[in-house]
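Undergrad: Quick one: the structure is below, questions incoming.
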Amino acid sequence: MACHFARWAMTDAEPDTHRLPKEIVLFAKHLSEKQRKRFLNGRVLLAEIIFYLYGIAELPNVITLPSGRPSFESADLPDFSLAYAGSTVGVLISSEGKVGLDLEIIHARSALVNPQQQLQLSAVEKTWIAMQSDPVESSLQLWCIRQSMLKMSGLNDQGPLTLSLNPASGRLRSAVTPEAQVMSDIEGSITWSCAQSPSIIRLQCWRYEPENGFTRTQTLSADQQSESPHFMKFVSLPPAK
């Protein structure tokens, strides 16, 4: 089965909430204006992809897990992950396994001087970053990859200690999610990372526009290499003994 990654470049226009339950729209009214727009746009994108892929006309009930991760209440429904970066909202969804998505804006902050990110970098990662033509961009992409893995695993700020990356070999090791794969790329000012456990067999990428619906932009597979110079794939190493 494919894993689906959809993005929506939001505008100032009010989102069409006809696929959302009334209680979600009412809840959003208690948020600040910025939070309300972001929350509703994320739920609308989720509702539209659920309808497009599975024919479910109204967004099913969403709960918040103890980790803070949103999830459908019914275990029979697909797993999903939402992410936001500037005016872009994204959703990753699959009917098999667990997924995690992260989006980051390139150069919105200097990843090399962020103390939190620096503490999480291993010697292997620092060496790889130093060899890249744009170390800030490369460091932020690794941060994005980490965040997608941690979101998939339902981990908080202590989670990075359970994850190690080797970008030169495309290998990762997670003490919490021993079987996982990640695909990541940089497109324009956005870097994205899609993680799935146990594996990403095929990643279908979509662009969403309210007036035109979903347009497939590319399909990536585990044994296929993207033409993008920034595209990265990670697969799990066996758990450390």
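Undergrad: For SER95 and SER32 in the same chain, what is the full-extension length gain: residue separation times 0.36 nm, less their Cα-Cα distance, in nm?
TA: 19.4 nm
Undergrad: Can you run phi through the Karplus equation (6.51, -1.76, 1.60; θ = phi - 60°) for segment 125-138 and list ³J(HN,Hα) in whole Hz, with x for Gly and Pro?
TA: Couplings: 5, 4, 5, 5, 4, 5, 8, 7, 5, 10, x, 5, 4, 5 Hz.
Undergrad: Please report the carbon-and-sulfur percent of the accessible area for segment 1-119; probe 1.4 Å, protein heavy atoms only, DNA, RNA and ligands left out.
TA: Of all accessible area on segment 1-119, carbon and sulfur atoms account for 55 percent.
Undergrad: Give me the number: length gained by fully extending THR64 to PHE51, i.e. 0.36 nm times residue separation minus the C-alpha to C-alpha distance, one decimal in nm.
TA: Extra length from THR64 to PHE51 when fully extended: 2.6 nm.
Undergrad: Which order, highest average first, do 165-173, 141-149, 99-107, 52-60 follow once you tally other Cβ atoms within 10 Å for each residue and take the mean per peptide?
TA: 141-149, 99-107, 165-173, 52-60
Undergrad: For LYS126, list the lysines whose Cα falls under 20 Å from its own Cα; do not include residues on the same chain fewer than 8 positions away.
TA: Here the lysines satisfying the reach criterion relative to LYS126 are LYS233.
Undergrad: Oh, and also: Accessible area per residue for the chain in Å², computed with a 1.4 Å probe and the full protein assembly in place, what is it?
TA: Heavy-atom accessible area per residue stands at 49 Å².
Undergrad: Using modelled amide H (1.01 Å from N, peptide plane; none on Pro or chain starts), what sits under 5 Å from the amide H of HIS230, excluding residues fewer than 5 places away?
TA: Amide H neighbours of HIS230: ILE186.
Undergrad: Separate question: Can you send over the carbon and sulfur percentage of the accessible area for segment 147-233, probe radius 1.4 Å, protein chains only?
TA: The value for segment 147-233 is 45 percent carbon and sulfur by accessible area.
Undergrad: Given R₀ = 35 Å, FRET efficiency for ASN212-GLU23 by Cβ-Cβ distance, to 0.05?
TA: Once the sixth-power term is evaluated, E becomes 0.75.
The values are calculated or read from the model by the stated rules, or taken from the named source; none is laboratory data. Just so we're clear, the structure is a prediction, and the values are computed from it rather than from any experiment. We place every Cβ from the backbone using ideal geometry, glycine too, and count neighbours over all the protein chains shown. Keep in mind that these areas ignore ligands, DNA and RNA; they rest on the heavy atoms of the full protein, side chains included. Shrake-Rupley method; radii C 1.70, N 1.55, O 1.52, S 1.80 Å.
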